[in-house]
């Protein structure tokens, strides 16, 4: 239970950090907030999934395109991360820059 609360706290802190920033260059505030919300939802799914490592996968979103970067343990984890990211409402595309260790 405490591990779940710790993960939830980290995700919330991450989300607040994203929402507290300024809009990205060339991006309207509304679009930035939408992208921040998508990023938070993807990270939450990665943290809550037993196959993927939310800590090892970096997630960024720009205009609905989610970019996944970092190192994963195997191709199954990579495929699952891409699948989870693509299942979030508002995601238009997933750019997979994950590398298998």
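Summary of values
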quantity	calculated
Those residues of region 39-64 which are more than 17 Å from residue 90 (Cα to Cα), part of a helix (DSSP H, G or I) and touching a helix residue (DSSP H, G or I) at 6+ places or on another chain (Cβ under 6 Å), in sequence order	47
Close pairs (7 angstrom Cβ cut-off, 6 or more residues apart or separate chains): under 22 Å from residue 86 (Cα atoms) in region 22-43, part of a helix (DSSP H, G or I) and modelled with pLDDT of 95 or more anywhere	42/84; 42/85
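The values are calculated or read from the model by the stated rules, or taken from the named source; none is laboratory data. None of the values given here were measured: they were computed from a predicted structure. Positions of Cβ are generated from backbone atoms using ideal geometry, with glycine treated the same way; all protein chains shown enter the neighbour counts.
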